[in-house]
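S.K.: There's a structure below that I have some questions on.
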C-alpha cells in the first residue's frame, strides 16, 4: 500500500512538472501560477493588516477607557462655553430666540420665557449636560 502511495505522489509530481515545463505553454502557465500566488499573498497580507488595524483600535479604546479617570477636565473660557451652550443646548431648542444666556466663570444665568414647566426642566437639563458648565442660575419664567 505504501509503494502505491509513493508511486501516486511521484506520478503527480511528474504530471505537474510536465504541465509547468511544457515547451509550448509552460512559460505562460508558470507566469499565471506566479501571478495567482502573488495575488493570494496580497489578499492574505491585506487581511492581516486589516485585523492588525482593528486590534490596534481596540487597544487604543481600552487605553482611553482606562486612562479616562486620570485625565484632567478641560477648562473652557466663558466665550467658548457660551458657544457650546448655544450649539449643544439651544441648537435643539425651538424657541431659542426667547432665551438669553450669560456666562461668568463657567456659571450660567438664563433668562427668558418658556411655555410650561416641563419645557423649563428639559432646557435646564440640556444646559447642565454641556461639558464645562458649573452652576445654572435659573431665571426663566413660565407662561401661564
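The values are calculated or read from the model by the stated rules, or taken from the named source; none is laboratory data. No experiment lies behind these values; they were computed from the predicted model shown. All Cβ positions, even for glycine, are placed from backbone atoms using ideal geometry, and neighbour counts span all protein chains on display.
S.K.: If you check residue 90 against the conditions, is it surrounded by 11 or more Cβ atoms within 10 Å (Cβ to Cβ) and either assigned by TED's automatic domain parsing to the domain that holds residue 17 or closer than 30 Å to residue 19 by Cα (or both)?
M.R.: Details: surrounded by 11 or more Cβ atoms within 10 Å (Cβ to Cβ): yes; either assigned by TED's automatic domain parsing to the domain that holds residue 17 or closer than 30 Å to residue 19 by Cα (or both): no.
Judged against the criteria, residue 90 is not a match.
S.K.: Are any residues in segment 99-121 surrounded by 14 or more Cβ atoms within 10 Å (Cβ to Cβ) and assigned to a helix (DSSP H, G or I), and if so, which ones?
M.R.: 119, 120
S.K.: Mind checking whether some residue in segment 72-79 is touching a helix residue (DSSP H, G or I) at 6+ places or on another chain (Cβ under 9 Å), closer than 30 Å to residue 138 by Cβ and modelled with pLDDT under 90? Steps first, please.
M.R.: Of the residues in segment 72-79, the ones touching a helix residue (DSSP H, G or I) at 6+ places or on another chain (Cβ under 9 Å) are 76.
Checking the rest, the ones that are also closer than 30 Å to residue 138 by Cβ come to 76.
Keeping just the survivors that are modelled with pLDDT under 90 gives 76.
Yes, there is a match, as at least one residue in segment 72-79 is touching a helix residue (DSSP H, G or I) at 6+ places or on another chain (Cβ under 9 Å), closer than 30 Å to residue 138 by Cβ and modelled with pLDDT under 90.
S.K.: Filter segment 125-144 down to the residues that are over 30 Å from the mean Cα position of the chain (by Cα) and either in a strand (DSSP E or B) or under 30 Å from residue 75 (Cβ atoms) (or both) and list them by number. So that I can check it myself, show each step before the final result.
M.R.: Of segment 125-144, the ones over 30 Å from the mean Cα position of the chain (by Cα) are 135-144.
Selection gives 135, 136, 137, 138, 139, 140, 141, 142.
S.K.: Given the criterion under 38 Å from the mean Cα position of the chain (by Cα), surrounded by fewer than 10 Cβ atoms within 10 Å (Cβ to Cβ) and not assigned by TED's automatic domain parsing to the domain that holds residue 122, identify the matching residue among 73, 46.
M.R.: Values: 46 fails: surrounded by fewer than 10 Cβ atoms within 10 Å (Cβ to Cβ).
Only one candidate passes the filter, namely 73.
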